[in-house]
Amino acid sequence: MMRVVETFASHLHQPDASVELLAFDIAAVAAPHLDVAAQLARIDLLAQLAGARLGSSTIDQPSAAEFLQVFTGDLAFHGNQDDYYDPRNSLLDAVIERR
């Protein structure tokens, strides 16, 4: 557990640390053997899929609707309707897995 916290602290102090990396570091507290590199690759794939679908749209109501369609429809992300307070709802790897 201490190693996971040290890794998070190290990443936190890097000026170019991504939010995704930090989120997976936090998830590693619950799953110390989490393969962060594999999870980052999953995020990259999801971003590519979303980017291909959304293209370079401007920020307006139609693009917001497209964004929602891509993430809630095509990629099947949705909130946990059964257990809003489930701690896994805060762990990025679990959210991606359960989508």
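Read-outs throughout are calculated quantities, based only on the coordinates presented, and are distinct from any laboratory measurement. This structure is a prediction, so every number in the text was calculated from the model and none was measured. So basically every Cβ, Gly included, is an ideal-geometry build from the backbone, and we count neighbours across all protein chains shown.
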Neighbour-count order for H78, H33, fewest beta carbons within 10 angstrom listed first: H33, H78
Separation of the A37 and S10 label points, Cα + 7 Å toward Cβ, nm: 1.4
Span-like helix ranges in the chain, DSSP H, alpha carbon extent 24 angstrom or more, Kyte mean at least -1.0: 36-54
Peptides ranked, highest mean first, by Cβ atoms within 10 Å: ranges 45-52, 69-76, 23-30: 23-30, 69-76, 45-52
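Using just the helices of the chain, give the 222 nm mean residue ellipticity in deg cm²/dmol: DSSP H runs with n ≥ 4 each add -39,500 (n - 2.57), and the total is spread over all residues, rounded to 500.
Values: 5 runs with 57 residues, N = 99.
The helix contribution divided over the chain gives -17500 deg cm²/dmol.
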